[in-house]
C-alpha cells in the first residue's frame with residue numbers, strides 16, 4: 001500500500017459498495033475489492049460490517065494483505081469515504097516558542113549550582129542565589145508556554161526535577 005490513507009472513522013460502507021462486495025463470487029475478487037476499499041480510506045471494521053454476520057477485522061486485514069490487483073480489472077471504481085471536516089485536528093496545548101540561546105546558556109550555568117543548594121544555606125551564598133534565579137527563570141519560561149521537556153533538556157536535568165520545581 002503506497003498511498004497515504006485517510007481513514008473513514010465511524011462511517012459505514014454505502015449500500016452500493018456493500019452490494020458490489022457481496023456480489024463477488026471468488027476469494028481473489030473479494031480480497032482485491034477489500035484491498036481497494038481499504039486503500040481508498042475505508043476502515044477494516046466498515047468493510048467487515050458489510051457482511052451478515054459481520055466479519056472480524058483480523059479476517060478483513062488478511063483479505064487486504066492478500067488482495068491482488070490483477071483481479072480489479074472487472075470491478076467498478078471504489079467510492080471513497082466522505083472527507084472529514086476542514087477544521088480537522090485541533091491542538092489542545094499551545095506550541096512552544098522555544099528557549100533563546102541566552103536563556104539556554106543561563107539555565108545550563110545555574111542548574112548545577114542550584115542543585116547544590118540546601119535549605120540551611122545563607123541567603124548570600126552562591127548556591128542560594130543560583131537556586132532563586134533558576135526557579136524564577138523556569139517559571140518565566142513556563143508562563144510563555146515553553147515545555148517542561150525543553151527546559152529540562154536545556155538545564156541538563158531530568159523532566160521530573162523541573163516539574164517538581166514548577167509544582168507539578
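Using 7 Å Cα-to-Cβ label points, what is the residue 70/residue 156 separation (nm, one decimal)?
Distance between label points: 6.3 nm.
On a full-extension model of 0.36 nm per residue, what is the gain between residue 56 and residue 101, subtracting their alpha-carbon distance, rounded to one decimal in nm? Please list the in-between numbers first.
Numbers: separation 45, 0.36 × 45 = 16.20 nm, distance 5.42 nm.
Computed gain between residue 56 and residue 101 is 10.8 nm.
Using only the Cα atoms of region 15-72, build the gyration tensor, take square roots of its eigenvalues as a ≥ b ≥ c, and label the shape rounded, prolate or oblate: rounded if a/c is under 1.5, else prolate if a/b is larger than b/c, else oblate. The partial results should precede the final answer.
Values: a/c = 1.40, a/b = 1.17, b/c = 1.20.
Here region 15-72 falls in the rounded category.
Could you order peptides 37-47, 121-131, 60-70 by the average number of other Cβ atoms within 10 Å of their residues, highest first? Mind dumping the intermediate values first?
Numbers: 37-47: 22.2, 121-131: 13.8, 60-70: 15.9.
Highest mean packing first, the order is 37-47, 60-70, 121-131.
Once the piece of chain linking residue 23 and residue 92 is laid out straight, how much longer is it, given 0.36 nm per residue of separation minus the C-alpha distance between them? Intermediate values should be presented prior to the final figure.
Details: separation 69, 0.36 × 69 = 24.84 nm, distance 4.53 nm.
Full-extension gain reported as 20.3 nm.
Once label points are set 7 Å from the Cα along Cα→Cβ at both residue 125 and residue 108, what is their separation, rounded to one decimal in nm?
2.6
All of the numbers you see were taken from the coordinates with simple rules; none came from a lab. Note that the structure is predicted; figures quoted are calculated from it, not measured. In this analysis, Cβ positions are derived from the backbone assuming ideal geometry, glycine residues included, and neighbour counts consider all displayed protein chains.
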